[in-house]
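Take a look at the structure below.
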Amino acid sequence: MIATETISIQKTKNSRLSEVDFNNLSFGSIISDHMLVSDYANGEWGPSKIVPFGHISISPTMLALHYGQVVFEGMKAFKLKDGNISIFRVEKHYDRFCKSMERMCIPHMSFEHFDEALKALVKLDAAWVPANEGCSLYLRPFVFASEERFGVKVADEYKFIIFGGPVGPYYSAPLKVKVEDRYIRAAHGGTGFAKCSGNYGGAFYPTSLARKEGFDQVIWTDGSPELNMEESGTMNVMFLLNNILVTPPISDSILDGVTRDSFITLAKEMGYKVEERKVSAKELIAGFENGTFKEAFGTGTAAVVAPIQTISIKGTNYKLPEVKDDNVSLKIKQRLLEIRMGLKPDTNKWNTIVKP
Ligand SMILES: Cc1ncc(COP(=O)(O)O)c(C=O)c1O
């Protein structure tokens, strides 16, 4: 086990904190003062060290650049009313990180290593956690093959880094999405369930084509003639059909979203009926036509909830009712927000508290 005391800390002499406008946070451009780094070599993970955030030096032969052994997580830390910080669902993110690493042949990391690293970085950069509602410190733990050698092989050396940055709300306007019927994101037996970087690179091209057609995102399907829904961009998808919250089941081609899991738990607690099952394009069209399809939305750490307004299926645009404050998605989002900000009891023990 690695204790916090063993994480060496080199503090920055030039904090950038005063340059940040916390009332105007865009997503993904501002990075906090420090990052945590740990190296894997000779069959084990070495101690973590925290250093000022900055560039790293790599060789053009670094294996990750060529063969794609890169996995990452996206998580959030929130400022609580009492001044403490809570990191949301560390265990669930860690479990997924481990599954992604295993699929990409990256050596296992202990929970203590991951957990202590996150807590130490968040504690040091506590002043970077925004207090405004809907804002948080986004955390990006990732690991990549750092060995320098260009022959195809599983790397023997890796680098684990965590950095973070303050973020505001991600998506705002209701989305117009297209059910993608030509390209697929993942196939059974592939890497769809892993948060590995190649999945994202592969999704860019079809998404950029959809954007040119005027859509915000695509909904990926399983590639079957039924066009069963899978997920969308960096979000899982949920549909309110016949007053039941329906979401595609987790499989080896869908990312096991932490927000998805939290939504399912909260929806059930709030008395909604939830079904994890296949949802076909045909079922959605029928729901549009007979008026039983009321809401569609994406769930993800970045966006939390992104309401979907229009869904295009095989060239026809179907419009959902206007998004309103009393939408089921927004009610569950509000409950989640309150738990993460410490305003409602954390009965599911999702918050890891860090005292600054
Ligand atoms: C492909 C994909 N699906 C779904 C999600 C939603 O997962 P989570 O709720 O854990 O952020 C993400 C974001 O991490 C993603 O990248």
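Points worth noting:
- Share of pairwise Cα separations in the stretch 175-339, more than 21 Å, in percent: 42 percent
- Of all aspartates and glutamates in the structure, the ones whose alpha carbon falls short of 15 Å from that of Lys273, not counting any fewer than 8 places away in one chain, are Asp261, Glu295.
- Sites count as exposed loop sites when they are chymotrypsin sites (Phe, Trp or Tyr not before Pro), lie in a DSSP loop, and have at most 16 other Cβ atoms within 10 angstrom; the longest stretch of the chain without one is 184-356.
- Estimated vicinal HN-Hα couplings, Hz - the stretch 349-356 in sequence order (Karplus 6.51, -1.76, 1.60; Gly, Pro = x): 6, 8, 9, 9, 8, 10, 8, x
- Other-chain or far-sequence residues with amide H under 5 Å of Val218's (modelled H): Lys178, Gly233
- Euclidean distance between Cα centres, the stretch 150-208 to the stretch 19-33, Å: 23 Å
- Rounded to whole Hz, the Karplus (6.51, -1.76, 1.60) HN-Hα couplings of the stretch 212-217, x for glycine and proline: 4, 7, x, 9, 7, 7
- Stokes-Einstein translational diffusion, the stretch 231-309 - Kirkwood Rh over all Cα pairs, 0.692 mPa s, 37 °C, in µm²/s: 258 µm²/s
- 222 nm mean residue ellipticity, helices alone, for the chain (DSSP H n ≥ 4; -39,500 (n - 2.57); rounded to 500): -7500 deg cm²/dmol
- Ranked His34, His108, His55, His113, criterion: other C-beta atoms within 10 Å, fewest first: His55, His108, His113, His34
- Cα-based values for the stretch 267-336, radius of gyration first and Dmax second, are 12.9, 38 Å.
- Rg to Rh, two decimals, where the chain supplies the alpha carbon set and Rh follows Kirkwood: 0.97
- Phi-based couplings in Hz for the stretch 50-63 (Karplus 6.51, -1.76, 1.60; Gly and Pro marked x): 9, 9, x, 4, x, 5, 10, 9, 10, 8, x, 8, 3, 4
- Normalising the average separation of contacting C-alpha pairs (under 8 angstrom, six or more residues apart) by the number of residues puts the relative contact order of the stretch 4-169 at 35 percent.
- Computed over the stretch 4-169, the alpha-carbon pair-distance distribution with 5 angstrom bins reads 1, 9, 18, 20, 20, 15, 10, 5, 2, 0, 0, each value a whole percent.
Taken together, the values in this text are just the output of simple stated rules run on the coordinates, not laboratory data. Just so it is clear, the model here is predicted, and its values are computed rather than measured. All Cβ positions, glycine included, derive from the backbone under ideal geometry; neighbour counts span all protein chains shown.
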